[in-house]
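These notes are about the structure you will find just below.
The values are calculated or read from the model by the stated rules, or taken from the named source; none is laboratory data. Bear in mind the structure is a predicted one, so any value in this text is a computation, not a measurement. As a convention, Cβ positions derive from the backbone with ideal geometry for all residues, glycine included, and neighbour counts pool all protein chains shown. When the accessible area is computed, the model is the full protein with side chains, heavy atoms only, and any ligands, DNA or RNA have been set aside. Shrake-Rupley method; radii C 1.70, N 1.55, O 1.52, S 1.80 Å.
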Amino acid sequence: MKLRGRFVGVALAGVVAGLAACGGDSTGVGPTAASVTGVAGDNQSAPTGATLSFPLSFIALNSSGQPARGVHVTWSVSPAGGVSFNPATETTDASGAASTTVTAGLAVGNIAISAAVTGISNVVYHATIVDPCSYLAPLAVGETVNGALARGDCSDGVRSFDFYGLSLPSGQQNIRISMHAGANDTYLLLWSAISPFPFIAFNDDSILTRAGARNSQIDIVLPSGNYIVGATSFDPFDSFLYSVAPTLRSTSMSGCREVWVMKGVSATDDISTTDCRDSSATPHYYDVARIFVDSGQVLSVSEQSTAMNPLLTLYTLIDTLAADTTNPSYVRQFVKSNDDSSTNTNAFIRFSTDTSNYYDIIIGTSTGGATGAYTLSVDVTAAPSPPFRTPASGWREWWRANPGALLPRSRGLRGHKL
């Protein structure tokens, strides 16, 4: 699933597995168990429609304390329909083991799962199925998590969403978050986990210049803290398997491909002949930083260099979806530029925003053909009035009140038209 929200500490009831004193015998023809051991799968919770992270399992033992093979096992749940099992019935293997994969239904609440085992009382587990809009699956830098967009996920009425909680250690981090789903068109979003859960970044097409690109990739410079990653589809009502993977990336700004930034971050890189270039006879080379800024805030950007004369240009992004339905995209609209701060040749831009929007910062040089190292610094000041309602009670309430808030409508940010 995909979109944006807050880092929620979800209180989930534990799962306790054991032998229930009640539950009735499950006698029948064939081998029987005298006891079980190795009960596993307790302390789990899952959102509606999701699969429990670990199968439920145990080992059946005979009266001699050895693994009992061929013992019949039937899995059930109360209330009925709370989950589904794969398999729902089975016999223990040569090691006496039985296990089942559990997928949550669409009802939120506590459930009791029973394994009826021939010869003994039921083995009982407890689990909690939670609202998917208040659930953050754990996600860490360096790991790949597999998920599925499906019925029962959090939804804005048009798309399904999965949310992940990502925590970054102290210090500035250069991160790449990727989402892959084969032939399906993915959509990836990022929010701060601090109320009121401000939106940070999005991406629909990881290769901006290739028509039909379907994977998503956010390259971003982030300060330490907690974040929410949203996985969803570009196409409405789409369901598919996908993977999400946050990794560390280089500190370079990546030339023509935008790198998202936030307030308080800085980046050191260089302008080179392999960067993006304009159409001048002697081209100006440049890097691209992108930022989302709320209405009423003040964006301050500086580019410092001793190797060349810096030039900063600020553009707002205009959605062309209504005018370009065959290849919808954003185009840039000039806001302002500067190649000389008040005291030296370093560039500085200060801009007060009157609307909430995306902005591209073009990091370049005043002289065509010039190259050299620079340091970029970004800051955003002046707390705005919230541009949308943000209930203080939590991420779920915010999401319910603002489904799809600020979700970009177009297929992607293609073209970098200057």
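Sorting Asp354, Asp287 by accessible area puts them as Asp354, Asp287; the probe is 1.4 Å, largest comes first, and only protein heavy atoms count. Here the relative contact order of region 33-145, from alpha carbon pairs under 8 Å that lie six or more residues apart, stands at 29 percent.
Full extension of the chain segment joining Phe237 with Ser300 gains 18.7 nm, where the gain is 0.36 nm per residue of separation less the Cα-Cα distance. Residues within the reach of a label modelled at Leu248 (point 7 angstrom out along Cα to beta-carbon, backbone nitrogen below 13 Å), restricted to region 159-179, are 169-176.
Given R₀ = 22 Å, what would the calculated FRET efficiency be for Ala88 paired with Ser53, taking r from the Cβ atoms and rounding to 0.05? After rounding to 0.05, the efficiency reads 0.65.
The coefficient of translational diffusion for region 88-230, derived via Stokes-Einstein from the alpha carbon Kirkwood radius under 25 °C and 0.890 mPa s, stands at 134 µm²/s. Is the shape of region 183-292 best called rounded, prolate or oblate, per the rule: a/c under 1.5 gives rounded, else a/b larger than b/c gives prolate, else oblate, with a ≥ b ≥ c the square roots of the Cα gyration tensor eigenvalues? Oblate shape, in that a/c is at least 1.5 and b/c is the bigger or equal ratio.
Taken along its three principal axes, the alpha carbon spread of region 33-101 comes to 41, 20, 18 Å, from the longest extent down to the shortest.
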